[in-house]
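Trainee: To start, I am sharing the structure in question, which I have written as structure tokens.
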Amino acid sequence: MFSQNGLSLDQAPPISVVFRFFALGALFGLLGGGLVFYYQSAIFDAASPAALTLTHTFTLGIMLSFMFAALFQMLPVIAGVKLTAPVSTANFLLYPFAAGVLLLLAAFNMPQQSWLFGAASLLLVPSLLWITLLMLSKLVRLRDHSSSSKGMLIALLALGIVLILAFYMTLSLTGYLEGSYYPEVRTAHYSMGLFGWIALLIISISFQVIEMFYVTPPYPKLVRRYLPLTLFGLLFVTTVAAFWLPQLWVLSHILTALLLVGYAVLTLRRLSQRKRPIADATVWFWRLGLSMLLLAMTTLVVYKLTGTALFGNLAEILYPAFALSIVFAMFYKIIPFLTWFHLNAQGYFAAPMMHEVIHPKTAMKHLYIHLTTVVTFLLALFFAPLLFISALLTILSFGWMLWQIVHAWRLYRHTQKTGEKFEMNIA
């Protein structure tokens, strides 16, 4: 978690900022498990309210919460960016964001209440655009960019486009716009969101954390320099051109899949070359996630070429499995580190070591839960009653995660209340 120049307590955001975003993501994960119970096999119908609700619970409620938690922490570390007034900044984002997501989920299930889309937009778009532009402005002003900081800048730019496209769609659904280009905008919205935001941010962060956490050889310079820009450029050009040639998205998705397959293979290779032979749970989360990405992109290509719905459904399960695996890997690095770092920086003798905050065996148990959850979702495509087990495992997985956050926070507060500090005597 350290940059080359180290990380001071003044640079790092308060620990509560990162914890709250992770906790919010875990709570939406619990909601997602409940929604699987409620909707059952309807979630596999991409055009249904069930699929739309669950998709946005994942992309907005879960992934965006987790990714903002990571950004608040990683921007000072990877890019040297310090957000002023981080607590008020986080609050201005977190509360409208949480309320807006809930309103949007309700709107998908009550389309006759079109005002819900408008209310969700008023809460989500301004707050998310504001934080996106704030982070972009900080990154743009950097003099010395790393591959990761450049990639994060591009990923945030993609998020801004996703939000603008979403605003057009909600205005169309509320009747304020005619919505003539709704199908084209919808395709661009989910493509830019899944590949231009989620994948790009993961790729950008991995350029530094894979080498830093696992002591691997660095990514090739060509990959670090051109992969994020190529991926974003492909999606952006297709977004514009597809208004006249909608069929371009088939080619664009295939090319995107090939780029991500190459990234997954390369990263798996890097992990096999790490200089630390011991593989903890986070290494296996990365391996699992990258394997899921390989399978997701392979099934996506087959779906685009054949139109077979089964392969589309497989990709819709495997891709979230990839993203969540990487999030869990980062979570089990960030939470123990932050707990130790903040207490140690405050001078507490009894600052718990990272393995005392979350034991490695605890993280490994979560890996097994997560893997079993993915497998049951895949098998549920062929035997729908397994969705009840999938729902239970989803709730268990995010409940497990939420408990680690609560445990770390309680340990942090207990140490502050009862621990002794170093005495700095300056003559």
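The values are calculated or read from the model by the stated rules, or taken from the named source; none is laboratory data. Computed from a predicted structure; not experimentally measured. Don't worry about glycine lacking a Cβ; one is built from the backbone with ideal geometry, like all the others, and counts go over all protein chains shown.
Trainee: Looking at residue 264 and the list (1) aliphatic (A, V, I, L, M); (2) closer than 23 Å to residue 159 by Cβ; (3) in contact (Cβ under 8 Å) with a residue 40 or more places away in the chain; (4) crowded, with 17+ Cβ neighbours inside 10 Å, which single condition is not satisfied?
Mentor: So the condition that residue 264 fails would be (3).
Trainee: Of all residues in segment 407-425, which are touching a helix residue (DSSP H, G or I) at 6+ places or on another chain (Cβ under 9 Å) and at pLDDT 85 or above?
Mentor: Residues of segment 407-425 touching a helix residue (DSSP H, G or I) at 6+ places or on another chain (Cβ under 9 Å): 407-409, 411-412, 415-416, 419.
407, 408, 409, 411, 412, 415, 416, listed by residue number.
Trainee: Same structure again: Taking segment 165-190 as the search range and keeping residues that are touching a His at 6+ places or on another chain (Cβ under 9 Å) and hydrophobic (A, V, I, L, M, F, W, C), which one is surrounded by the fewest Cβ atoms within 10 Å (Cβ to Cβ)? Even if it seems obvious, please write down each step before you answer.
Mentor: Taking segment 165-190 first, the residues touching a His at 6+ places or on another chain (Cβ under 9 Å) are 165-166, 168-169.
Now narrow it down to the ones that are hydrophobic (A, V, I, L, M, F, W, C): 165-166, 169.
On the way: 165: 21, 166: 23, 169: 18.
Ranking the qualifying residues of segment 165-190, first place goes to 169.
Trainee: Among the helices (runs of 4 or more DSSP H) lying completely within segment 11-89, list those that include at least 2 residues that are touching a residue at least 24 places away in the same chain (Cβ under 8 Å), of a type in the set (A, V, I, L, M) and closer than 30 Å to residue 137 by Cα. Can you show your working first?
Mentor: On the way: elements: 15-39, 49-56, 65-74.
So the answer is 15-39, 65-74.
Trainee: Another question, then. Considering 129, 123, 133, 83, which residue is within 30 Å of residue 223 (Cα to Cα), touching a Pro at 6+ places or on another chain (Cβ under 9 Å) and surrounded by fewer than 21 Cβ atoms within 10 Å (Cβ to Cβ)?
Mentor: Numbers: 129 fails: touching a Pro at 6+ places or on another chain (Cβ under 9 Å); 123 fails: within 30 Å of residue 223 (Cα to Cα); 133 fails: touching a Pro at 6+ places or on another chain (Cβ under 9 Å).
Among 129, 123, 133, 83, only 83 is within 30 Å of residue 223 (Cα to Cα), touching a Pro at 6+ places or on another chain (Cβ under 9 Å) and surrounded by fewer than 21 Cβ atoms within 10 Å (Cβ to Cβ).
Trainee: Another question, if that's okay. Are there any pairs with C-beta distances below 8 angstrom linking a residue in segment 178-192 that is over 13 Å from residue 159 (Cβ atoms) to a residue that is in a loop (DSSP other than H, G, I, E, B), with the two at least 6 apart or on different chains, and if so which?
Mentor: Listed pairs, sorted by first residue: 181/243; 183/246; 184/242; 184/243; 184/246; 187/242; 187/246; 188/242.
Trainee: Any residue that is within 20 Å of the chain's Cα centre (by Cα), surrounded by 14 or more Cβ atoms within 10 Å (Cβ to Cβ) and not in a loop (DSSP other than H, G, I, E, B) - is there at least one of those in segment 337-346? Reasoning before the result, please.
Mentor: Step one: list which residues in segment 337-346 are within 20 Å of the chain's Cα centre (by Cα), which gives 337-338.
From what is left, the residues that are surrounded by 14 or more Cβ atoms within 10 Å (Cβ to Cβ) are 337-338.
So of that shortlist, the ones also not in a loop (DSSP other than H, G, I, E, B) come out as 337-338.
So far as segment 337-346 goes, yes, one or more of its residues are within 20 Å of the chain's Cα centre (by Cα), surrounded by 14 or more Cβ atoms within 10 Å (Cβ to Cβ) and not in a loop (DSSP other than H, G, I, E, B).
Trainee: Just the residues that are under 16 Å from residue 254 (Cα atoms) and without any contact (Cβ under 8 Å) to a residue 24 or more places away in the chain, please, taken from segment 220-235. It would help to see each step written out before you state the result.
Mentor: The first filter runs over segment 220-235 and keeps only residues under 16 Å from residue 254 (Cα atoms), leaving 227, 230-235.
Once the filter is applied, which keeps residues that are under 16 Å from residue 254 (Cα atoms) and without any contact (Cβ under 8 Å) to a residue 24 or more places away in the chain, segment 220-235 yields only 233.
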